[in-house]
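Beneath this line is the structure, given in structure tokens, with notes to follow.
Any read-out appearing in this document is the output of simple, stated calculations on the displayed coordinates, not a laboratory observation. Worth saying up front: this structure is predicted, and the values here are computed from it rather than measured. Note that we place each Cβ from the backbone using ideal geometry, even for glycine, and neighbour counts take in every protein chain shown.
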Amino acid sequence: FPGLADVSISQDIPVEGEITVPVGSHSPDEDYSTLDEPVRDTIMRDLKAVGKKFVHVMYPRKSSALLRDWDLWGPLVLCVSLALMLQGGSADSKDDGGPQFAEVFVIIWFGAVVITLNSKLLGGTISFFQSLCVLGYCVLPLTVAMLVCRLVLLAGAGTISFIIRLIVVMAMFGWSTLASTAFLADSQPPNRKALVVYPIFLFYFVISWMILTFTPQ
Amino acid sequence: MAAADELKFQEFDDAANLLAATPDATTISIDEPAEIPKNQHSRLQEPGREEDDELLGTDDSDKTELLAGQKKSAPFWTFEYYQTFFDVDTYQVLDRIKGSVFPVPGKNFVRLYIRSNPDLYGPFWICATLVFTIAVSGNLSNFFIHLGKPTYHYVPEFRKVSIAATTIYAYAWLVPLALWGFLMWRNSKVMNIVSYSFLEIVCVYGYSLFIYIPTAILWIIPQKVVRWVLVVFSLCLSGSVLVMTFWPAVRDDNRRVALATVGTILLLHALLAVGCLAYFFDAPELDFPAPIIPAHNGTTVTIKSH
């Protein structure tokens, strides 16, 4: 190599160093690695997401948080608490009592799956789990109604308590239906909206009926 | 050159001008098929008309026969295959419901409304609504009947929902299956002009159950006469839709077989209505004052009305 004959390296420049590149603490991967964080942070992040979605359901605006980052924790918690609160009815002695825990669970989840399949078959553009998420979260007003009903029934079971329960359940039923329609109706083809909204109405009606007819032992 | 002129692009005149220039040229005209008018009452008054035309609808039954072959082309394991069964708009579903409640005399429900586009939306959701309507109405009616009695404790009777669901879905799917199998078997023996696909039969049965929804709501009224009048009335309406649909399919057969088929259809339909009324709705009791009989040991015995 004739050109390299002119290159000379002076003796006082050190030709040494480290070959390995250290993994610096400012690498961007470190921020998304959740393996080392405290457990409390992990749990609080999910709880905050669920709580944010609850707020979106109670004050339904056209926000896409429910749709984009779907999760099924909220629906599970709501379904289990609703099914638990519907127990303790007059189901212990006779066979014709209120719905059992498994029946409430199956009605809510199977009903949500059937409604989701129905809206997809009619040409909706929403994804399967997004629709399940919305339908599950919109059970929240009815769970609140169940809580109120149980508290009212503690005070007495007469006609006035029945009227109060009726009004509360009807209001919450309307709220649930309107909230879920607000989230789901946009993803449907325009001339089939009523075909998609009607099963949602039937679903929340059945849940409201179960809440309203709950009679303690 | 003349050849070069002939090869140049030429504008063609309107067909009328061309025909005026060469009146002897052969012409082919393609017309749009006539629009189907919804009300075809005018055709009923023509006595010379074939009965088939009245029952089969207008002339575009040819078009529907052609279309029937082009519809469901996706393989059955894809989602698109099942989407073809839900290819209805809101107004179509409402029209089909209207057609099942107000049967036009002489018109075939399948040919008039379904038109080779059977859907599963109507049958499925009408059955679901009927299940819950019967369960809720039965519960309400029992509540009002037993309201004043001191020994009555209200129970929601949730068990009955699953029983209602089993009964109604079995009726809406197994009876059409049996009927379709029977018609296929008879078709192999007797050449029928009218044959229905399984989905069309399911569609007719599903939509014919719609009349029972308001009937079930009105069954809350605790009067025996009112309930039985409602049963007869709804049976007439939906039964006539079923008879008018299936009579052309068995008409060419042996007379007794045809009558037995139609009779069985009506009988099963009536059994469903009467069975639901009997099981879900308690009989309204008559109120008469209970006589008091003095017993031997001095205590009075009251005979309760039952």
Check your understanding: How far apart, in nm, are the 7 Å Cα→Cβ label points at A:SER127 and B:PHE79?
Key -> 1.1 nm
Study note, to complete from the structure: Most exposed to least, judged by fewest other Cβ atoms within 10 Å, A:MET85, A:MET58 sort to A:MET58, A:MET85
Check your understanding: Plugging the Kirkwood radius over Cα pairs into Stokes-Einstein for the range A:77-181, at a temperature of 37 °C and a viscosity of 0.692 mPa s, what D comes out in µm²/s?
Key -> 216 µm²/s
Check your understanding: What is the extension gain from B:LYS98 to B:ALA170, computed as 0.36 nm multiplied by their sequence separation minus the C-alpha to C-alpha distance, in nm to one decimal?
Key -> 23.5 nm
Check your understanding: When B:TYR279, A:TYR59 are ordered from fewest to most other Cβ atoms inside 10 Å of their Cβ, what list results?
Key -> A:TYR59, B:TYR279
Point to revise | Taking all pairs of distinct alpha-carbon atoms in the range B:79-282, Kirkwood radius in angstrom | key: 18.1 Å
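As a footprinting exposure proxy, order A:SER119, B:SER141 by other Cβ within 10 Å, with the fewest listed first. Write down the numbers at each step before the final one.
Values: A:SER119 26, B:SER141 21.
Ascending number of Cβ neighbours within 10 Å: B:SER141, A:SER119.
Given the convex hull of the Cα atoms of the range B:167-221, what is a quarter of its surface area in nm²? It would help to have the intermediate numbers written out before the result.
Numbers: hull surface 18.0 nm².
So the Cα hull casts an average projection of 4.5 nm².
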